[in-house]
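Engineer: Following this message is one structure expressed as structure tokens.
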Amino acid sequence: RKEVEQDPGPFNVPEGATVAFNCTYSNSASQSFFWYRQDCRKEPKLLMSVYSSGNEDGRFTAQLNRASQYISLLIRDSKLSDSATYLCVVNRRSNFGNEKLTFGTGTRLTIIP
Amino acid sequence: ETGVTQTPRHLVMGMTNKKSLKCEQHLGHNAMYWYKQSAKKPLELMFVYSLEERVENNSVPSRFSPECPNSSHLFLHLHTLQPEDSALYLCASSLQGHEQFFGPGTRLTVL
């Protein structure tokens, strides 16, 4: 089983729609969680951290369910500029004490005008 | 602008060449990372340096040799690579326990 699993998509969604991505992780020792965004041929950039209580940043809402080892991202009122690949990222402290990020393969989103 | 720069942005090399990738961060971070991103695969962590000491090597072949001379600079020395090593090589930096910031990457093609 992959350490972080995401639906690769692609998701083709009309502008203004709501879209949700899901992600599961296998290591229960994982400590922190993130969504990164990667545009075509660019580097990944942090979109938002994911907290146990759930958190919102404008049109974006992230949820974490530690019991089910499940993370979600909801995008409301989607814009053309939201087209990108969304990476689910899980962080744990390695045996050496450093932070170790594990990335999912990403979910590709295209917003259609 | 993330404050993490990488050079060169594109590199084409033969299997017998020796080349180096360079990463520089201006964010005051104390950890630096090399990742490999191949088509249709997740980012793969290659090396981690924390306080200029290599703390993780994820079973990377010895034809990849990292170097971290100080907290702002990270190199990846390449020699006798294989065509399957063609990929996007991303450098990242962070403060311990905080999110990682990525450079723009070096797109490497091995002929």
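Engineer: Under unit Cβ charges (Lys, Arg +1; Asp, Glu -1), what dipole magnitude, rounded to 20 debye, does the protein assembly as shown have relative to its Cα centre?
Structural biologist: Roughly 440 debye, rounded to the nearest 20.
Engineer: Counting alpha carbon pairs within less than 8 Å and at least 6 residues apart, what relative contact order, in whole percent, applies to the range A:5-46?
Structural biologist: Value for the range A:5-46: 30 percent.
Engineer: For chain A, which longest stretch is free of loop sites, where a loop site is one of the GluC sites (Glu not before Pro) that DSSP puts outside H, G, I, E and B and that has at most 16 other Cβ atoms within 10 Å?
Structural biologist: Longest stretch, sites excluded: A:16-113.
Engineer: May I ask for the equivalent-ellipsoid semi-axes of the protein assembly as shown, computed as the square root of five times each C-alpha gyration tensor eigenvalue and listed largest first in whole Å?
Structural biologist: 30, 20, 16
Engineer: Just to confirm the filter: which chymotrypsin sites (Phe, Trp or Tyr not before Pro) across the range A:16-92 are DSSP coil and have at most 15 other Cβ within 10 angstrom of their Cβ?
Structural biologist: A:Tyr51
Engineer: Taking 7 Å along the Cα-to-C-beta vector as the label spot, tell me the A:Asp7-B:Arg9 distance in nanometres, rounded to one decimal.
Structural biologist: 3.5
Engineer: Also, I was wondering about something else. Taking just the alpha-carbon atoms of the range B:5-47, what radius of gyration and Dmax come out, in angstrom?
Structural biologist: 12.8, 36
Engineer: If you don't mind, another one. Sort B:Met15, B:Met32 so that the residue with the fewest other Cβ atoms within 10 Å of its own Cβ comes first and the one with the most comes last.
Structural biologist: Ranking B:Met15, B:Met32 by Cβ neighbours within 10 Å, fewest first, gives B:Met15, B:Met32.
Engineer: At A:Cys40 and B:Ser62, where each label point lies 7 Å from the Cα along Cα→Cβ, what is the point-to-point distance in nanometres?
Structural biologist: Computed distance between label sites A:Cys40 and B:Ser62 equals 4.2 nm.
Engineer: Among the listed pairs A:Lys2/A:Lys79; B:Lys19/B:Lys41; A:Lys2/B:Lys22; A:Lys100/B:Lys40, which are separated by more than 29 Å between their Cα atoms?
Structural biologist: A:Lys2/A:Lys79; A:Lys2/B:Lys22
Engineer: Here's something else I'd like to know. Roughly how many nanometres apart are two label points built 7 Å out from the Cα toward the Cβ at A:Gln69 and B:Leu27?
Structural biologist: For A:Gln69 paired with B:Leu27, the spin-label model returns 2.8 nm.
Engineer: So how do A:Arg37, A:Arg1 line up by other beta-carbon neighbours within 10 Å, fewest first?
Structural biologist: Fewest to most other Cβ atoms nearby, the residues stand as A:Arg1, A:Arg37.
Engineer: Note down the net charge around B:Thr16, summing +1 for each Lys or Arg and -1 for each Asp or Glu among other residues with Cβ under 15 Å from its Cβ.
Structural biologist: The answer is +2.
Engineer: Okay, next question. Chain A: percent of C-alpha pairs farther apart than 19 Å?
Structural biologist: Of the Cα pairs, 43 percent sit more than 19 Å apart.
Engineer: What is the sum of charges, Lys and Arg at +1 and Asp and Glu at -1, for the other residues whose Cβ falls under 12 Å from the Cβ of A:Arg93?
Structural biologist: Around A:Arg93, the surrounding residues sum to 0.
Engineer: Right, another one. Quick one: of the DSSP bridges fully inside chain A, what percent are antiparallel, nearest 5?
Structural biologist: Around 90 percent antiparallel, to the nearest 5.
Engineer: Sticking with this one: Using the Kirkwood radius over Cα pairs, work out the Stokes-Einstein diffusion coefficient for chain B at 25 °C and 0.890 mPa s, in µm²/s as a whole number.
Structural biologist: Translational diffusion coefficient: 177 µm²/s.
Engineer: Please rank B:Thr106, B:Thr80, fewest neighbouring Cβ atoms within 10 Å first, as an exposure proxy.
Structural biologist: B:Thr80, B:Thr106
Engineer: Among the DSSP beta bridges whose two residues both lie in chain B, what percent are antiparallel, rounded to the nearest 5?
Structural biologist: The antiparallel fraction comes to roughly 90 percent.
Engineer: Net charge near A:Phe60, counting Lys/Arg +1 and Asp/Glu -1 over other residues with Cβ under 14 Å of its Cβ?
Structural biologist: Net charge around A:Phe60: +1.
Since every read-out is calculated from the coordinates, none of them should be taken as a lab result. Because the structure is a prediction, the values reported are computed rather than measured. So basically every Cβ, Gly included, is an ideal-geometry build from the backbone, and we count neighbours across all protein chains shown.
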